[in-house]
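Comments concern the structure below.
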């Protein structure tokens, strides 16, 4: 499936877990972190995925995305040849309204303590409800890209 991904990202400052409808363990690594074409290998639950993302637009909210499900064994093998570093996180799905939901990622390892919420939108000007637990917007801040968290983990920011 190839399309334009439109998403906004926020720090999380409160309790979102009680609103979550789903919880998924994710492990991912990158074959390429070149900004013009990041290539990610992900194990999400018991499924594997190959994702290629293009460079973002000026606001950082939109970019090309291609994603294909692959065999989980292939994902495990591909992670072995990825660039150094693995992102380990739990994703909580938090529905809000109008078929929209936040994906709240709680990071572990070198990114322990970082909690970020993303919302995918049908267009950049889509209006959505901002829950009380949502913090400062960080859309377009490259430090929050998973490919950058691998190179410059959250623990180094302080």
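The values are calculated or read from the model by the stated rules, or taken from the named source; none is laboratory data. Because the structure is predicted, anything quoted here is derived from the model rather than measured. Neighbour counts are summed over all protein chains in view; Cβ atoms, including those assigned to glycine, are modelled from backbone coordinates with ideal geometry.
Computed quantities for the displayed model
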| read-out | value |
| --- | --- |
| Enumeration of residues in region 45-62 that are closer than 17 Å to residue 149 by Cβ and either in a helix (DSSP H, G or I) or touching a strand residue (DSSP E or B) at 6+ places or on another chain (Cβ under 6 Å) (or both) | 51, 53, 56 |
| Of all residues in region 1-23 being over 23 Å from residue 143 (Cα atoms) and outside any loop (DSSP other than H, G, I, E, B), the one that is nearest to the chain's Cα centre (by Cα) | 23 |
| Given (1) under 12 Å from the mean Cα position of the chain (by Cα); (2) buried (at least 17 other Cβ atoms within 10 Å of the Cβ); (3) at pLDDT 95 or above, number of the condition residue 94 does not satisfy | (1) |
| Subset of region 112-140 (residues that are at pLDDT 95 or above and in contact with a strand residue (DSSP E or B) (Cβ under 7 Å, 6 or more places away or on another chain)) | 114, 115, 116, 117, 118, 119, 133, 134, 135, 136, 137, 138 |
| Unique match (being farther than 20 Å from residue 138 by Cβ, assigned to a loop (DSSP other than H, G, I, E, B) and at pLDDT 95 or above) among 81, 76 | 81 |
| Verdict on residue 41 being within 21 Å of residue 142 (Cα to Cα) and either out of contact with any helix residue (DSSP H, G or I) (no Cβ under 9 Å at 6 or more places or on another chain) or assigned to a strand (DSSP E or B) (or both) | yes |
| Residue selected from region 1-38 under the condition over 30 Å from residue 97 (Cβ atoms) and in contact with a helix residue (DSSP H, G or I) (Cβ under 6 Å, 6 or more places away or on another chain), by the criterion surrounded by the fewest Cβ atoms within 10 Å (Cβ to Cβ) | 33 |
| Qualifying residue in region 122-145 (condition: surrounded by 18 or more Cβ atoms within 10 Å (Cβ to Cβ), in contact (Cβ under 8 Å) with a residue 12 or more places away in the chain, in contact with a helix residue (DSSP H, G or I) (Cβ under 8 Å, 6 or more places away or on another chain) and under 20 Å from residue 31 (Cα atoms)) | no |
| Among (1) at positive phi; (2) exposed (fewer than 13 other Cβ atoms within 10 Å of the Cβ) - the single one residue 85 does not satisfy | (2) |
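Per-residue answers, yes or no, for (1) within 19 Å of the chain's Cα centre (by Cα); (2) under 14 Å from residue 26 (Cβ atoms):
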position	(1), (2)
63	yes, no
71	no, no
75	yes, yes
81	no, no
84	yes, no
90	yes, yes
100	yes, no
